[in-house]
Amino acid sequence: MYPPELLYTKEHEWIRVDESIGTIGITDHAQSELGDIVFVELPKPGDAVTALESFGTVESVKAVSELFSPVTGEVTAVNAKLQNNPELINSDPHGEAWLIRVRLKDRRETESLMSADEYEKYIQEEKGD
Amino acid sequence: MATPVGVALKRTALNKVHKAAGARMVEFGGWEMPVEYAGITQEHLAVRNAAGLFDVSHMGEIEVRGPGALALLQHITSNDASRLKVFQAQYSALMLPNGATVDDCVVHRLADDSYFLCVNAANTDKDFEWVSAANRFGAEVRNVSGQYSQLALQGPRAAVILARVTDAELHRLRYYWFVEAACCGVNGILARTGYTGEDGFEFYFPPQRSEAVWSGLLEAGKPDGLMPCGLGARNTLRLEAAYPLYGHELDEETTLLEANLGWVCKLDKGDFVGRDALAAQREKGLRKKLIGFEMTERGIARDGYDVLVEGRRLGTVTSGSPAPFLKKSIGLAYVPPDCAEPGREFQIDIRGKAIGARQVALPFYKRPK
């Protein structure tokens with residue numbers, strides 16, 4: 001279910017790191033909790049994002065939810081498809097529906113993130129509450 | 001609406017059925033309820049285009065009986081219960097002296113001296129206490145919520161589907177009337193009422209038989225595209241139809257006139273709780289007025305957001321959401337009466353950004369005749 005090459009946050013974002021570029025999205029669990037996604041608000045290329053701080057919002061029919069960046073850095077690309085097809089986040093959250101790419105300031109920030117196995121355990125525990 | 005930690009949520013008789021079917025469950029009004037099955041958008045469209053089935057057993061039922069029943073109802077509700085014939089239902093409100101409401105409700109007349117009120121889940125206990133406290137007419141008032149499951153079958157195909165599993169003569173059952181009928185082999189009260197803006201029915205029956213009715217209806221509606229629906233779609237459907245939701249458009253401070261519910265205020269029926277306040281307000285004018293709007297720029301207004309009129313914070317959004325059938329972003333808001341004018345442009349403060357909106361006439365959606 002959760003691709004092993006991704007790293008995960010407690011706020012249900014994922015990041016895939018290739019060299020110094022991180023691709024960020026929300027997890028399948030997050031899209032499933034939100035339901036039908038109808039709107040995303042993302043930063044522009046060149047904007048700065050900060051680890052653990054909000055970089056945008058994603059809205060479903062029933063709620064609005066903040067997006068938290070797993071890392072600090074500068075936005076290098078934004079997924080333009082999502083503007084008109086936000087529902088892609090429901091259908092392919094770990095693939096086609098990535099949100100932004102970021103040039104990482106400090107790779108060590110990813111060390112505290114969860115692996116796929118850890119994340120699966122984490123959401124099981126959350127459900128058990 | 002939040003339930004204190006440690007208080008167990010109430011469950012309808014279909015709780016396990018919903019979970020087994022993969023419904024997403026949430027807390028609503030002290031109950032654990034399905035918010036969606038396949039997804040709010042799909043469910044919403046199913047109700048507009050075919051039909052949807054909702055478990056609304058969380059709704060409360062209060063019985064008012066005996067020779068004093070009508071006098072009590074006339075005293076505590078704003079609509080004129082004396083106009084009800086046996087087997088007729090009426091939208092009404094339980095009133096406070098200030099012209100605001102304890103709750104909104106549907107009053108059903110079961111027999112000459114026997115009525116039952118369908119009330120909001122979160123308000124059931126409050127309503128029951130309040131009706132009981134106002135009962136100086138010797139009526140018999142009972143909270144019978146535990147004795148009923150309630151299912152709502154809604155949509156243009158609802159009557160065709162229901163006809164396959166009921167002995168009721170549906171073509172003779174008019175809007176806001178009800179009959180005693182069997183549905184899927186279970187006896188209950190079948191009303192032509194609903195909260196979606198579509199034709200439809202609400203069936204009240206003993207909870208022990210809930211699974212038989214739920215699965216019987218779903219099976220009967222399969223060829224027509226009947227879908228099980230959650231409270232998420234129920235909310236977007238009622239918003240398109242501009243029906244008020246207690247806790248949003250109605251509360252203990254907002255009068256019926258302010259909520260566009262003047263048609264439920266029968267000031268000439270005789271004295272009732274809140275009548276003087278409503279009459280005075282009709283004379284002096286409203287403090288605020290409920291209006292509908294649609295976003296003219298990208299953005300979704302949510303409950304509690306400010307309405308900006310020429311940069312001034314003059315109003316508040318009470319319900320806001322994408323409208324799946326209308327494919328717009330819509331909402332209801334209270335604004336000063338002199339700002340209430342269809343076509344008027346204003347903004348909604350969406351998390352710090354002023355996003356354009358335009359007032360539109362209500363309802364947003366009206367079903368084709």
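The values are calculated or read from the model by the stated rules, or taken from the named source; none is laboratory data. Note that this is a predicted model, so its numbers are computed, not measured. Cβ: placed from backbone, ideal geometry, glycine included. Neighbour counts: every protein chain shown. Keep in mind that these areas ignore ligands, DNA and RNA; they rest on the heavy atoms of the full protein, side chains included. Shrake-Rupley method; radii C 1.70, N 1.55, O 1.52, S 1.80 Å.
Residues that are over 23 Å from B:Asp251 (Cα atoms) and under 22 Å from the mean Cα position of the chain (by Cα) number at least 1 in the following strands (runs of 3 or more DSSP E) confined to the stretch B:268-369: B:289-295, B:312-323, B:328-335, B:353-360.
Filtering B:Ala69, B:Ala8, B:Ala21 for residues that are open to solvent by less than 10 Å² (accessible area, probe 1.4 Å), away from chain A (no Cβ under 14 Å), among the small types (Gly, Ala, Ser) and out of contact with any Leu (no Cβ under 8 Å at 6 or more places or on another chain) leaves a single hit, B:Ala69. State yes or no: is B:Thr316 hydroxyl-bearing (Ser, Thr, Tyr), free of Cβ contacts under 8 Å to residues at least 60 places away in the same chain and away from chain A (no Cβ under 14 Å)? Yes; evaluated as a whole, the condition is true for this residue. Being crowded, with 23+ Cβ neighbours inside 10 Å and within 20 Å of A:Lys105 (Cβ to Cβ) is the filter; apply it to the stretch A:16-27 and report the residue that is nearest to the chain's Cα centre (by Cα). Applying the filter and picking the extreme gives A:Gly25.
Can you find a residue in the stretch B:244-266 that is open to solvent by less than 30 Å² (accessible area, probe 1.4 Å) and within 14 Å of another protein chain (Cβ to nearest Cβ)? The answer is yes, given that some residue of the stretch B:244-266 is open to solvent by less than 30 Å² (accessible area, probe 1.4 Å) and within 14 Å of another protein chain (Cβ to nearest Cβ).
Scanning the stretch B:218-243 for residues that are within 9 Å of B:Thr196 (Cα to Cα), away from chain A (no Cβ under 11 Å) and of a type outside the set (D, E, K, R) turns up B:Leu237, B:Ala241, B:Tyr243.
Residue-by-condition table, conditions (1) open to solvent by 10 Å² or more (accessible area, probe 1.4 Å); (2) within 30 Å of A:Ile37 (Cβ to Cβ); (3) aromatic (Phe, Trp, Tyr):
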{"residue": "B:Thr12", "(1), (2), (3)": "yes, yes, no"}
{"residue": "B:Tyr37", "(1), (2), (3)": "yes, yes, yes"}
{"residue": "B:Glu43", "(1), (2), (3)": "no, yes, no"}
{"residue": "B:Glu61", "(1), (2), (3)": "no, no, no"}
{"residue": "B:Ser78", "(1), (2), (3)": "no, no, no"}
{"residue": "B:Leu94", "(1), (2), (3)": "no, no, no"}
{"residue": "B:Val106", "(1), (2), (3)": "yes, no, no"}
{"residue": "B:Arg109", "(1), (2), (3)": "yes, no, no"}
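Among all positions in the stretch B:246-256, there is no residue which is among the acidic types (Asp, Glu) and free of Cβ contacts under 8 Å to residues at least 24 places away in the same chain. Among the residues of the stretch B:150-191, the one identified as under 14 Å from the mean Cα position of the chain (by Cα) and open to solvent by 20 Å² or more (accessible area, probe 1.4 Å) is B:Tyr176. Within the stretch A:72-111, the residues that satisfy the criterion of being free of Cβ contacts under 8 Å to residues at least 60 places away in the same chain and open to solvent by 100 Å² or more (accessible area, probe 1.4 Å) are A:Lys81, A:Asn84, A:Lys105, A:Arg108, A:Glu111. Among the residues of the stretch A:37-67, those that are within 11 Å of another protein chain (Cβ to nearest Cβ) and either among the hydroxyl-bearing types (Ser, Thr, Tyr) or open to solvent by 40 Å² or more (accessible area, probe 1.4 Å) (or both) comprise A:Val38, A:Glu41, A:Ser54, A:Thr57, A:Ser60, A:Lys62, A:Val64, A:Glu66.
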